[in-house]
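Down below is the structure, laid out as structure tokens.
The values are calculated or read from the model by the stated rules, or taken from the named source; none is laboratory data. These figures come from a predicted structure and were not determined experimentally. Every residue, glycine as well, gets a Cβ built from its backbone with ideal geometry; the counts of neighbours run over all protein chains shown. To get the accessible areas, we keep the full protein, side chains included, count just its heavy atoms, and leave off ligands, DNA and RNA. Shrake-Rupley method; radii C 1.70, N 1.55, O 1.52, S 1.80 Å.
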Amino acid sequence: QVQLRESGGGLVQSGGSLRLSCAASGITFRLAVMGWYRQVPGKQRELVAELPSGGSPNYADSVKGRFTISRDSAKRTVYLQMNSLNFEDTAVYFCHADYRGGGYWGRGTQVTVSS
């Protein structure tokens with residue numbers, strides 16, 4: 001059974017930083033493209049960043065230069081370092097694994113940026 005468990009969300013002031021973590025189980029981690037998405041009420045879920053094992057990251061234009069995605073194979077964990085946060089980054093952030101033709105989601109973690 002695939003499980004993705006996010007942590008690290010919370011409330012932060014504008015200009016601040018947060019690091020999200022997502023621990024994966026039930027998959028061969030090195031075979032998965034791991035990513036982060038976010039969603040605000042009334043809008044579609046959007047890609048924030050994704051990173052294949054041994055590959056290059058892909059970022060949404062809105063977060064380039066501020067967010068960094070990374071992964072630790074030994075810990076089976078993917079991270080999202082978020083710097084220079086602003087109000088528009090407020091959303092529920094979801095971990096995603098693209099694995100063997102299937103897509104898997106975590107439950108999400110709330111990030112709230114106060115202005």
Computed magnitude of the charge dipole of the chain (debye, nearest 20; Cβ of K, R +1, Cβ of D, E -1): 300 debye
Set the Förster distance to 25 Å, then compute FRET efficiency between Q3 and R100 from the Cβ-Cβ distance, nearest 0.05. 0.95
Highest-MSF residue in the chain out of G26, G42, G15 [GNM, Cα springs under 10 Å]: G42
Calculated FRET efficiency for the pair R107/N58, C-beta based, R₀ 22 Å, to 0.05: 0.40
Per-q log10 I(q)/I(0), the chain, q = 0.15, 0.17, 0.19 Å⁻¹ (Debye; single scatterer per alpha-carbon; no solvent): -0.59, -0.75, -0.93
Determine the per residue accessible area of the chain with all protein chains present and a 1.4 angstrom probe, expressed in square angstrom. 54 Å²
